[in-house]
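These notes concern the structure reproduced below.
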Amino acid sequence: MRHQCTRNKLSRPKDQREALLRSLATELFLHGEIKTTISKAKALKPYAEEIVTLAKRGDLHARRQAARCIFNVETSKFVDSKTGEVFDSLQEGKKLKPQTVLRKLFTEIGKQYETRNGGYTRIYHLPPRRGDGVEMALIQLV
């Protein structure tokens, strides 16, 4: 029996719910904060914090596990493959590769929370949405 094992189902089937959480987590790591509904923010918080914990670990297995949980889209920036330095545009004489959300997660975000023991995200309540009155929230990386 699965008593007391409820999760926020967001009124969606499992595949749609997982795709929604993947896209929300990707945008959260890409932009640092997103504006969404309260229920989606509350469902995203443990999902995103688990991914940040994987990024703190930093090994190959953690990188592969995190790659299953987010979409690996490009961020329109470039990373130097030797130094790890981030550039806004291509530079002459440097070997640059496009920065992706996964690279950003493991090089910047994972290092940022190295000494923190959890609580990587914060939820702020916002006024209701004008069209349908749904309570909104701002979820951001601390």
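Throughout, read-outs are computed from the coordinates displayed, never taken from laboratory work. Keep in mind it's a predicted model, so treat the numbers as computed, not measured. With ideal geometry, Cβ positions are generated from the backbone for all residues, glycine too; neighbour counts draw on all protein chains shown.
Which of the three applies to the stretch 65-142, rounded, prolate or oblate, going by the alpha-carbon gyration tensor with a ≥ b ≥ c and a/c under 1.5 meaning rounded?
Values: a/c = 2.75, a/b = 1.85, b/c = 1.48.
Prolate, since a/c reaches 1.5 and a/b exceeds b/c.
Using only the alpha carbon atoms of the chain, find the Kirkwood hydrodynamic radius as the inverse mean reciprocal pair distance, in angstroms to one decimal.
16.5
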- line: The FRET efficiency for ASP59 and LYS14, from their Cβ-Cβ distance with R0 = 25 Å and rounded to 0.05, is 0.30
- request: Name the residue, out of VAL86, VAL73, VAL52, whose mean-square fluctuation peaks in a Gaussian network model built on the chain with Cα pairs under 10 Å.
  value: VAL86
- request: Straight distance only, please: which lysines reach the Cα of LYS40 with their own Cα at less than 20 Å, same-chain residues fewer than 8 apart left out?
  value: LYS9, LYS14
- prompt: What is the order of TYR47, TYR120, fewest Cβ neighbours within 10 Å to most?
  reply: TYR47, TYR120
message: Give the lysines whose C-alpha is closer than 21 Å to that of LYS97, dropping any in the same chain fewer than 8 places away, or say none.
response: LYS77, LYS82, LYS111
